[in-house]
Amino acid sequence: MGTAEPAHPEEVARLGGSPDSLAARLAALAEIGADPGGGLTRLAYTEPERAAHALVAGWMRRAGLAVYEDAVGNLFGRWLAPGADPEAPPVWAGSHLDTVSHGGRFDGAAGVVAALSAVERLSASRARLARPVEVVAFVGEEGSRFPGLLGSRAVALGLTQADLEARDADGIPLRDALSAWGFDPARAGEAHRPPGSVSAYLELHIEQGPVLERAGFAVGLVTGIAGPLELEGEVVGRADHAGTTPMDERRDSLLAVAELALCAERLARESSPQTVATVGRVDVSPGAANVVPGRALFTLDLRDVDLARRDRVEARLRQAFSEILVRRGLEGSFRQLLRVDPVPVPESTRALLGRAARRAGVAYLELPSGAAHDAMLMARLCPAGMIFVRSLGGRSHAPDEETREGDLLAGTEVLFEALRELAGDAELPPG
Ligand SMILES: [Zn+2]
């Protein structure tokens, strides 16, 4: 694995593209971790993710970039234009190469391939840049094996001991997975970058939703990233005989969860189109057809790009939960699993991306991101912006995830123009 050549030249020929085209590179990446039944699986710190990194590293080298990895396996390709200051904090652009189980070929990979293509254009245009530009592929963005956003977390915040002890479904801790890739877990902290060490981060990503397609835009500029709040709730009632217990004498834990789920739907709908609430998992026990559910465990996921609005909905949900429990004679509690504040994209970065889109001649829609991305954590380190490209049917995290090459090219044009400006291109026209 890890050849510098695209995996399947005949696939490239079929696409009618050059081996360096976006589509050809995405097709080559899609061969790695391909599932026999469709889709692809490249989980964090597995052999397929490693092979995807190796393939991209080969392309980076061929493009004249200096390739390096940090202490947790994030992959970098550095372009230092002639005359650029090697000491200046670089601009980063990229995304991730891991996928969910049976995922698609565009989530993450599109952003890495687009960033490489944009930097190749910078290099070919002999742009006079003031600072270095680095293409980055973050390791372990999806939370499908370990908790997500691992690579960007390591860079922006540093991994904690608790992060390193997180275990996958087979009980393998992250520290062992790091070792298996040849990295020393004791040195994971070295991936943490100090403030000021990166001048800006840009990420092109597929939208993974239907908004751009519905509005008729190929490209979107992200206004902010919704922060997820994840709660785990428990309701304790009483397990009783389903045949002999009258309806008015039951303490049914599941019905309280059902009520709360409907309440969450109503509150989110009333709050804003950007508020979403999901009860995604319910486990009832004893879990038998002929027993009233005595105990229910459930998750509640609440997201918004506006923190105050999310806080209001959370407060009303907690209030509703208490009322439901009292009315039904049940006990219950919430435990917080995850609380991430929404991340607004800075006004200056949004303006810069808008100028880039106008120079590129690409019409765009401004929209929030409902999903978490590496950019969310990079925003803790430096100004971070995101370019969305249209997802057909809004489908993602599934084998039928699809984005047209033309849309990817339009997004890559915007990325190229934005990188030019961020890297201080001396030839850039004013305005
Ligand atoms: Zn992604």
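Residue count for region 28-70, restricted to those that are farther than 29 Å from ALA169 by Cα, small (Gly, Ala, Ser) and free of Cβ contacts under 8 Å to residues at least 24 places away in the same chain: 1. When the test is whether a residue is over 30 Å from GLU427 (Cα atoms) and away from the ligand (no atom under 16 Å from the Cβ), ALA130 does not pass it.
Conditions tested, residue by residue: (1) under 30 Å from PRO399 (Cβ atoms); (2) touching a residue at least 60 places away in the same chain (Cβ under 8 Å); (3) not hydrophobic (A, V, I, L, M, F, W, C).
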| residue | (1), (2), (3) |
| --- | --- |
| THR160 | no, no, yes |
| ARG175 | no, no, yes |
| LEU178 | yes, yes, no |
| TRP181 | yes, yes, no |
| GLY227 | yes, yes, yes |
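The set of residues in region 388-418 being aromatic (Phe, Trp, Tyr) and assigned to a helix (DSSP H, G or I) consists of PHE416 alone. For region 71-123, residues that are under 20 Å from the mean Cα position of the chain (by Cα), away from the ligand (no atom under 16 Å from the Cβ) and either outside any strand (DSSP E or B) or without any contact (Cβ under 8 Å) to a residue 12 or more places away in the chain (or both) total 3.
Looking at the structure I just gave you, is ARG395 surrounded by fewer than 21 Cβ atoms within 10 Å (Cβ to Cβ) and within 16 Å of the ligand (Cβ to nearest atom)? Yes: the conditions hold for ARG395. Of note, ASP341 satisfies the criterion of being more than 16 Å from the ligand (Cβ to nearest atom) and within 18 Å of the chain's Cα centre (by Cα).
If only residues of region 363-376 that are farther than 10 Å from GLY209 by Cα and in contact with a Phe, Trp or Tyr (Cβ under 9 Å, 6 or more places away or on another chain) are counted, the one that is farthest from the ligand (Cβ to nearest atom) is ALA363. With a requirement of 2 or more residues that are without any contact (Cβ under 8 Å) to a residue 40 or more places away in the chain and farther than 20 Å from PRO342 by Cα, the strands (runs of 3 or more DSSP E) lying completely within region 231-305 that satisfy it span 282-285. Meeting the requirement of 3 or more residues that are within 16 Å of the ligand (Cβ to nearest atom), the helices (runs of 4 or more DSSP H) wholly within region 144-217 are 150-156.
Annotation: THR412 fulfils all but one of (1) touching a helix residue (DSSP H, G or I) at 6+ places or on another chain (Cβ under 9 Å); (2) assigned by TED's automatic domain parsing to the domain that holds ASP301; (3) of a type in the set (S, T, N, Q); the unmet one is (2).
The values are calculated or read from the model by the stated rules, or taken from the named source; none is laboratory data. All values derive from a computational prediction rather than experimental measurement. Every residue, glycine among them, receives a Cβ derived from its backbone with ideal geometry; neighbour counts consider all protein chains shown.
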